[in-house]
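Take a look at the structure below.
The values are calculated or read from the model by the stated rules, or taken from the named source; none is laboratory data. None of the values given here were measured: they were computed from a predicted structure. Here the Cβ is made from the backbone with ideal geometry for all residues, glycine too, and neighbour counts use every protein chain on show. Keep in mind that these areas ignore ligands, DNA and RNA; they rest on the heavy atoms of the full protein, side chains included. Shrake-Rupley method; radii C 1.70, N 1.55, O 1.52, S 1.80 Å.
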Amino acid sequence: AQSVAQPEDQVNVAEGNPLTVKCTYSVSGNPYLFWYVQYPNRGLQFLLKYITGDNLVKGSYGFEAEFNKSQTSFHLKKPSALVSDSALYFCAVRDMPPNDYKLSFGAGTTVTVRA
Amino acid sequence: GAVVSQHPSWVICKSGTSVKIECRSLDFQATTMFWYRQFPKQSLMLMATSNEGSKATYEQGVEKDKFLINHASLTLSTLTVTSAHPEDSSFYICSARGRGGSYEQYFGPGTRLTVT
(Lines give C-alpha, C1' and ligand atoms only; values in the text may rest on other atoms or scores of the structure.)
Protein backbone atom coordinates (compact mmCIF):
# COMPACT_ATOMS: atom_id res chain seq x y z
CA ALA A 1 0.00 0.00 0.00
CA GLN A 2 1.06 3.54 -0.67
CA SER A 3 1.92 5.60 2.38
CA VAL A 4 3.61 8.78 3.48
CA ALA A 5 5.23 9.63 6.76
CA GLN A 6 5.77 12.98 8.35
CA PRO A 7 8.44 12.42 10.98
CA GLU A 8 7.92 15.71 12.82
CA ASP A 9 4.76 16.54 14.74
CA GLN A 10 5.82 20.15 15.10
CA VAL A 11 8.17 22.58 13.43
CA ASN A 12 8.98 25.93 14.95
CA VAL A 13 10.82 28.66 13.07
CA ALA A 14 11.36 32.38 13.34
CA GLU A 15 9.78 34.65 10.78
CA GLY A 16 12.13 35.25 7.88
CA ASN A 17 13.98 31.97 8.36
CA PRO A 18 13.75 29.02 5.98
CA LEU A 19 10.98 26.54 6.63
CA THR A 20 11.18 22.83 5.86
CA VAL A 21 8.44 20.29 6.50
CA LYS A 22 9.56 16.72 5.94
CA CYS A 23 7.75 13.92 4.17
CA THR A 24 8.94 10.47 3.13
CA TYR A 25 7.00 8.07 0.99
CA SER A 26 6.65 4.35 0.41
CA VAL A 27 5.09 3.37 -2.89
CA SER A 28 4.93 0.72 -5.55
CA GLY A 29 5.57 2.30 -8.90
CA ASN A 30 5.77 6.00 -9.59
CA PRO A 31 4.55 8.21 -6.78
CA TYR A 32 1.96 10.94 -7.16
CA LEU A 33 2.61 13.24 -4.19
CA PHE A 34 0.77 16.22 -2.79
CA TRP A 35 1.05 18.87 -0.10
CA TYR A 36 -1.95 20.46 1.57
CA VAL A 37 -2.24 23.12 4.28
CA GLN A 38 -5.02 23.42 6.84
CA TYR A 39 -5.78 26.51 8.86
CA PRO A 40 -7.76 26.20 12.13
CA ASN A 41 -11.33 25.02 11.61
CA ARG A 42 -10.91 25.05 7.85
CA GLY A 43 -10.68 22.45 5.13
CA LEU A 44 -7.46 21.61 3.35
CA GLN A 45 -5.96 23.88 0.72
CA PHE A 46 -3.93 22.42 -2.12
CA LEU A 47 -0.34 23.68 -2.22
CA LEU A 48 1.42 21.64 -4.87
CA LYS A 49 1.83 18.23 -6.45
CA TYR A 50 4.46 16.05 -8.06
CA ILE A 51 3.46 13.65 -10.80
CA THR A 52 6.37 13.66 -13.18
CA GLY A 53 8.98 16.00 -14.57
CA ASP A 54 11.21 18.40 -12.66
CA ASN A 55 12.12 17.30 -9.18
CA LEU A 56 11.59 20.82 -7.85
CA VAL A 57 7.91 21.67 -7.81
CA LYS A 58 6.72 25.20 -7.19
CA GLY A 59 3.36 25.80 -5.57
CA SER A 60 1.13 28.36 -3.94
CA TYR A 61 2.12 31.01 -1.40
CA GLY A 62 5.83 30.75 -2.20
CA PHE A 63 6.11 27.09 -1.25
CA GLU A 64 8.09 24.53 -3.18
CA ALA A 65 8.88 20.87 -2.72
CA GLU A 66 11.75 18.72 -3.85
CA PHE A 67 11.15 15.18 -5.01
CA ASN A 68 14.11 12.97 -4.16
CA LYS A 69 13.80 9.45 -5.49
CA SER A 70 16.93 8.06 -3.87
CA GLN A 71 15.86 9.27 -0.44
CA THR A 72 12.15 8.65 -1.10
CA SER A 73 11.41 12.12 0.18
CA PHE A 74 9.19 15.01 -0.81
CA HIS A 75 10.03 17.81 1.63
CA LEU A 76 8.10 21.06 1.57
CA LYS A 77 10.16 24.24 1.71
CA LYS A 78 9.79 27.97 1.89
CA PRO A 79 12.85 30.22 1.80
CA SER A 80 11.46 32.85 4.16
CA ALA A 81 8.62 31.91 6.49
CA LEU A 82 5.81 34.25 7.49
CA VAL A 83 3.77 34.26 10.68
CA SER A 84 0.75 33.59 8.48
CA ASP A 85 2.31 30.28 7.40
CA SER A 86 1.51 28.91 10.84
CA ALA A 87 -0.85 26.01 10.13
CA LEU A 88 -1.15 22.24 9.88
CA TYR A 89 0.54 20.72 6.84
CA PHE A 90 -0.28 17.36 5.29
CA CYS A 91 1.66 15.31 2.80
CA ALA A 92 -0.41 12.88 0.71
CA VAL A 93 0.11 10.16 -1.89
CA ARG A 94 -2.21 8.70 -4.47
CA ASP A 95 -3.15 5.10 -3.88
CA MET A 96 -2.45 2.36 -6.37
CA PRO A 97 -5.01 1.19 -8.93
CA PRO A 98 -7.82 0.28 -8.67
CA ASN A 99 -7.95 2.69 -5.71
CA ASP A 100 -6.00 5.45 -7.42
CA TYR A 101 -8.88 7.85 -6.90
CA LYS A 102 -7.98 7.91 -3.19
CA LEU A 103 -5.35 9.86 -1.34
CA SER A 104 -3.54 8.65 1.76
CA PHE A 105 -2.49 11.39 4.15
CA GLY A 106 0.36 11.68 6.58
CA ALA A 107 -0.28 12.46 10.22
CA GLY A 108 0.34 16.14 9.70
CA THR A 109 2.96 18.61 10.92
CA THR A 110 2.05 21.69 12.90
CA VAL A 111 4.12 24.67 11.83
CA THR A 112 4.50 27.63 14.13
CA VAL A 113 6.25 30.71 12.84
CA ARG A 114 7.11 33.19 15.59
CA ALA A 115 7.42 36.87 14.97
CA GLY B 1 -11.74 27.86 -9.79
CA ALA B 2 -12.31 24.50 -8.07
CA VAL B 3 -14.28 25.80 -5.11
CA VAL B 4 -16.05 23.41 -2.79
CA SER B 5 -18.53 24.59 -0.19
CA GLN B 6 -20.02 22.86 2.82
CA HIS B 7 -23.14 23.67 4.74
CA PRO B 8 -23.53 24.12 7.61
CA SER B 9 -20.11 25.18 8.85
CA TRP B 10 -21.05 24.09 12.34
CA VAL B 11 -24.01 22.34 13.89
CA ILE B 12 -25.07 21.30 17.37
CA CYS B 13 -27.65 18.57 17.70
CA LYS B 14 -29.13 16.46 20.45
CA SER B 15 -28.27 12.82 20.88
CA GLY B 16 -30.60 10.60 18.88
CA THR B 17 -31.37 13.11 16.17
CA SER B 18 -30.09 13.12 12.59
CA VAL B 19 -28.16 15.84 10.87
CA LYS B 20 -27.44 16.43 7.19
CA ILE B 21 -24.29 18.03 5.82
CA GLU B 22 -24.15 19.28 2.24
CA CYS B 23 -21.10 19.43 0.01
CA ARG B 24 -21.22 21.36 -3.25
CA SER B 25 -18.74 21.90 -6.04
CA LEU B 26 -19.43 25.46 -7.11
CA ASP B 27 -17.59 25.85 -10.39
CA PHE B 28 -16.90 22.37 -11.66
CA GLN B 29 -18.60 19.03 -12.02
CA ALA B 30 -17.47 16.58 -9.39
CA THR B 31 -17.61 13.04 -10.64
CA THR B 32 -16.28 11.81 -7.33
CA MET B 33 -16.74 13.19 -3.85
CA PHE B 34 -15.09 12.07 -0.67
CA TRP B 35 -16.11 12.36 2.96
CA TYR B 36 -13.49 12.54 5.68
CA ARG B 37 -13.57 12.71 9.42
CA GLN B 38 -10.90 14.51 11.38
CA PHE B 39 -10.27 14.38 15.10
CA PRO B 40 -8.44 17.25 16.84
CA LYS B 41 -4.86 17.61 15.65
CA GLN B 42 -5.07 14.36 13.70
CA SER B 43 -5.01 13.40 10.08
CA LEU B 44 -8.02 12.89 7.86
CA MET B 45 -9.74 9.55 7.94
CA LEU B 46 -11.53 8.67 4.72
CA MET B 47 -15.06 7.55 5.48
CA ALA B 48 -16.50 6.97 2.04
CA THR B 49 -16.25 7.72 -1.63
CA SER B 50 -19.26 8.57 -3.74
CA ASN B 51 -19.72 8.75 -7.46
CA GLU B 52 -22.62 10.59 -9.00
CA GLY B 53 -25.62 8.36 -9.47
CA SER B 54 -24.23 5.33 -7.71
CA LYS B 55 -23.97 4.01 -4.18
CA ALA B 56 -21.18 5.19 -1.97
CA THR B 57 -18.21 2.99 -1.20
CA TYR B 58 -17.51 2.92 2.51
CA GLU B 59 -14.15 2.34 4.13
CA GLN B 60 -13.71 -0.55 6.47
CA GLY B 61 -15.16 0.12 9.88
CA VAL B 62 -17.50 2.90 8.78
CA GLU B 63 -21.17 2.11 9.38
CA LYS B 64 -23.06 2.74 6.18
CA ASP B 65 -26.41 2.77 7.95
CA LYS B 66 -25.22 5.44 10.32
CA PHE B 67 -23.47 7.66 7.81
CA LEU B 68 -25.77 7.92 4.81
CA ILE B 69 -24.21 9.39 1.70
CA ASN B 70 -26.09 10.56 -1.34
CA HIS B 71 -24.46 11.94 -4.48
CA ALA B 72 -27.54 13.06 -6.32
CA SER B 73 -25.91 15.31 -8.90
CA LEU B 74 -22.53 16.27 -10.26
CA THR B 75 -22.36 19.21 -7.88
CA LEU B 76 -23.94 17.94 -4.68
CA SER B 77 -23.24 15.22 -2.16
CA THR B 78 -24.82 14.93 1.27
CA LEU B 79 -23.76 13.14 4.43
CA THR B 80 -26.47 12.35 6.94
CA VAL B 81 -25.42 11.29 10.40
CA THR B 82 -28.34 9.25 11.70
CA SER B 83 -29.20 8.81 15.37
CA ALA B 84 -26.21 10.87 16.36
CA HIS B 85 -24.32 10.20 19.56
CA PRO B 86 -21.70 12.29 21.36
CA GLU B 87 -18.94 10.08 19.96
CA ASP B 88 -19.97 11.23 16.48
CA SER B 89 -18.86 14.75 17.37
CA SER B 90 -16.08 15.59 14.98
CA PHE B 91 -14.94 17.75 12.09
CA TYR B 92 -16.33 16.42 8.81
CA ILE B 93 -14.66 17.47 5.59
CA CYS B 94 -15.73 16.74 2.05
CA SER B 95 -13.63 16.92 -1.06
CA ALA B 96 -14.36 16.69 -4.75
CA ARG B 97 -12.52 15.55 -7.79
CA GLY B 98 -13.41 16.58 -11.30
CA ARG B 99 -13.21 14.81 -14.61
CA GLY B 100 -10.03 13.97 -16.42
CA GLY B 101 -6.66 12.81 -15.21
CA SER B 102 -6.13 15.31 -12.45
CA TYR B 103 -5.72 13.56 -9.14
CA GLU B 104 -5.84 16.40 -6.68
CA GLN B 105 -8.87 16.76 -4.52
CA TYR B 106 -10.46 20.09 -3.68
CA PHE B 107 -11.63 20.37 -0.12
CA GLY B 108 -14.57 22.03 1.48
CA PRO B 109 -14.11 24.19 4.58
CA GLY B 110 -15.41 21.48 6.89
CA THR B 111 -18.37 21.10 9.23
CA ARG B 112 -17.96 20.98 12.99
CA LEU B 113 -20.57 18.62 14.46
CA THR B 114 -21.23 18.63 18.18
CA VAL B 115 -23.69 16.12 19.60
CA THR B 116 -24.94 16.89 23.09
Keeping to region A:45-67, report how many residues are open to solvent by 10 Å² or more (accessible area, probe 1.4 Å), closer than 29 Å to B:SER90 by Cα and within 11 Å of chain B (Cβ to nearest Cβ). 3
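Hey, can you tell me all the residues within region B:23-44 that are surrounded by 16 or more Cβ atoms within 10 Å (Cβ to Cβ) and within 11 Å of another protein chain (Cβ to nearest Cβ)? Break it down into steps so the answer makes sense when it comes.
The initial filter retains those residues of region B:23-44 that are surrounded by 16 or more Cβ atoms within 10 Å (Cβ to Cβ), namely B:23-25, B:28, B:30-38, B:43-44.
If the condition is that a residue be surrounded by 16 or more Cβ atoms within 10 Å (Cβ to Cβ) and within 11 Å of another protein chain (Cβ to nearest Cβ), then B:CYS23, B:THR31, B:THR32, B:MET33, B:PHE34, B:TYR36, B:GLN38, B:SER43, B:LEU44 are the ones that fit.
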Checked against (1) part of a strand (DSSP E or B); (2) facing chain B (nearest Cβ under 9 Å); (3) free of Cβ contacts under 8 Å to residues at least 60 places away in the same chain, A:PHE34 satisfies every condition except (3)
With the first residue restricted to region B:60-77 and required to be touching a residue at least 24 places away in the same chain (Cβ under 8 Å), and the second required to be among the polar types (S, T, N, Q) and part of a loop (DSSP other than H, G, I, E, B), Cβ contacts under 8 Å at 6 or more apart or on different chains are B:PHE67/B:THR82; B:HIS71/B:SER54; B:LEU74/B:GLN29; B:LEU74/B:THR31; B:THR75/B:GLN29
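Any idea which of A:SER104, A:SER80, A:SER84, A:SER60 is among the hydroxyl-bearing types (Ser, Thr, Tyr), within 29 Å of B:SER9 (Cα to Cα) and in contact with a helix residue (DSSP H, G or I) (Cβ under 9 Å, 6 or more places away or on another chain)? First the steps, then the outcome.
On the way: A:SER104 fails: in contact with a helix residue (DSSP H, G or I) (Cβ under 9 Å, 6 or more places away or on another chain); A:SER80 fails: within 29 Å of B:SER9 (Cα to Cα); A:SER60 fails: in contact with a helix residue (DSSP H, G or I) (Cβ under 9 Å, 6 or more places away or on another chain).
Answer to the check: A:SER84.
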If you scan region A:21-44, which residues turn out to be closer than 16 Å to A:SER84 by Cα, surrounded by fewer than 16 Cβ atoms within 10 Å (Cβ to Cβ) and either touching a strand residue (DSSP E or B) at 6+ places or on another chain (Cβ under 6 Å) or at pLDDT 95 or above (or both)? A:TYR39
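Taking region B:24-38, which residues are aliphatic (A, V, I, L, M) and touching a Cys at 6+ places or on another chain (Cβ under 8 Å)?
Result: B:MET33, single match.
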Name the pairs whose Cβ atoms lie under 8 Å apart, with the first residue in region A:91-115 and farther than 20 Å from A:PRO18 by Cβ, the second among the basic types (Lys, Arg) and surrounded by fewer than 17 Cβ atoms within 10 Å (Cβ to Cβ), and 6 or more positions between them or separate chains? A:GLY108/B:LYS41
Under the condition of being open to solvent by less than 10 Å² (accessible area, probe 1.4 Å) and among the small types (Gly, Ala, Ser), which residue from region A:88-115 is farthest from the other protein chains (Cβ to nearest Cβ)? A:ALA92
Show the residue pairs meeting these rules: Cβ distance below 6 Å; 6+ apart or different chains; first residue within region B:4-21 and acidic (Asp, Glu); second residue surrounded by fewer than 17 Cβ atoms within 10 Å (Cβ to Cβ). none
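For the condition of a type in the set (Ser, Thr, Tyr), more than 13 Å from every other protein chain (Cβ to nearest Cβ) and more than 16 Å from B:PHE39 (Cα to Cα), what is the one hit in B:THR116, B:THR57? Give the steps one after another, and end with the answer.
Values: B:THR57 fails: more than 13 Å from every other protein chain (Cβ to nearest Cβ).
Result of the check over B:THR116, B:THR57: B:THR116.
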